[in-house]
Amino acid sequence: MRLGIIGQSGAGKQTIFEALTRIGIAPGDKNEDHVGTIQVPDERVDYLCRLYQPRRVAYAQVEYFLAGYGKQADASRKETDTAGDWARIRTCDALIVVLRNFALYGSDAPTPDHDFSALETDMILADLVVVEKRLERLEKDQKRGKKPNPDEYELLTRCRGILEQETPLRNEPEIASSPLLKGFTLLTAKPILVLFNNSDDNPTPPELTGALAAETCLAIRGQLERELSQMDADEAALFFEEYQIENTAADRIIQHSYAILGAAGAIHSDIKKGFIRAEVLAYDDLTDAGSYKEARKRGTVRLEGKTYPVKDGDIVNFRFNV
């Protein structure tokens, strides 16, 4: 899962990136793109390791992407190559939108709703350019005697209508999730997670109004979280208690990111040649039974085919014949 971090200048994108990845960015490296990959902590995987003692363990991974300072998609910049700014962001599965919700010396009071609208408008316009170019190409091909895919043409025409209404495509889930749109990597079709970057003494998000009211939002204290990420466990525990922090920002962001992506997938996307059946057992059923053998006795292990949509918490044993 690749998550792109975007936001206006001064929102704290670098702070959030460093808090999530524990990777410090030197002043001389701010113009470069940065990628940080972290393993997703999962107590369920730890439980399975204790139960089965496997030789190899592979946790899920999350990749955070931050465009270099001179390359960032940022609606507040006057000189901008919009297509170039957004090109690298388009490779991400979802977007983390960082909004300033703290006082910044020499700047106006924070206006997260306005900042969000500005970024949203920028993404809508960028998508509209992509859609219109493709429609123009299809229309030219048709005039030359080439028959375009009618489903693609109809879908892109609908997308253009939605974008011209200044509406993000993710507001139309059926359209945003269409396989025909996948290759276009449209920005507003991607799920987003909004992060309000608060001051250290403010753990709560602002009142959600306008377009923000419909989004998945999370308030974090970015500067504090970055400092905590650099501490050892014992030192951090004291600050967790002082600031009444139950879970780190990294843990909460990962949980919300998987939620907005619906990141479970389907068996047929991973298992092809030699697939026979999949034995599926819910994690809660396993822990309740205490062993796979006992769960099978209780009848909670079931057989599923290739089209079964894997759910969060499913334990799957694939049967192969290759």
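The values are calculated or read from the model by the stated rules, or taken from the named source; none is laboratory data. This structure is a prediction, so every number in the text was calculated from the model and none was measured. Please note: Cβ atoms are built from the backbone with ideal geometry, for glycine as well, and neighbour counts cover all protein chains shown.
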Being over 18 Å from Lys182 (Cα atoms), in contact (Cβ under 8 Å) with a residue 60 or more places away in the chain, among the acidic types (Asp, Glu) and crowded, with 20+ Cβ neighbours inside 10 Å, is that true of even one residue in the stretch 105-116? yes
Small (Gly, Ala, Ser), outside any helix (DSSP H, G or I), over 25 Å from Asp115 (Cβ atoms) and modelled with pLDDT of 85 or more - does that describe any residue in the stretch 167-185? yes
Considering residues that are out of contact with any strand residue (DSSP E or B) (no Cβ under 8 Å at 6 or more places or on another chain), surrounded by 11 or more Cβ atoms within 10 Å (Cβ to Cβ), at pLDDT below 90 and not charged (D, E, K, R), the number found within the stretch 28-69 is 3
Being assigned by TED's automatic domain parsing to the domain that holds Ala11, of a type in the set (Lys, Arg) and either over 20 Å from the mean Cα position of the chain (by Cα) or surrounded by 14 or more Cβ atoms within 10 Å (Cβ to Cβ) (or both) narrows it down to one residue among Arg100, Arg160, Arg144, Arg137; which is it? Arg100
Tell me, please, whether a residue that is touching a Pro at 6+ places or on another chain (Cβ under 6 Å), surrounded by 14 or more Cβ atoms within 10 Å (Cβ to Cβ) and modelled with pLDDT under 90 can be found in the stretch 232-252. no
Tell me which helices (runs of 4 or more DSSP H) are completely within the stretch 200-261 and hold 1 or more residues being farther than 16 Å from Arg100 by Cα and in contact with a strand residue (DSSP E or B) (Cβ under 7 Å, 6 or more places away or on another chain), or say none if there are none. 249-261
Report whether or not Asp115 is at pLDDT 90 or above, touching a Phe, Trp or Tyr at 6+ places or on another chain (Cβ under 8 Å), under 21 Å from Leu186 (Cα atoms) and of a type outside the set (Val, Ile, Thr). no
Quick one: would you say Asp115 is under 30 Å from Gly210 (Cα atoms) and either out of contact with any His (no Cβ under 8 Å at 6 or more places or on another chain) or among the hydroxyl-bearing types (Ser, Thr, Tyr) (or both)? yes
Among the listed residues Gly24, Gly10, identify the single one that is in the same structural domain as Asp251 (by TED's automatic domain parsing), surrounded by fewer than 16 Cβ atoms within 10 Å (Cβ to Cβ), in a loop (DSSP other than H, G, I, E, B) and at pLDDT 90 or above. Gly24
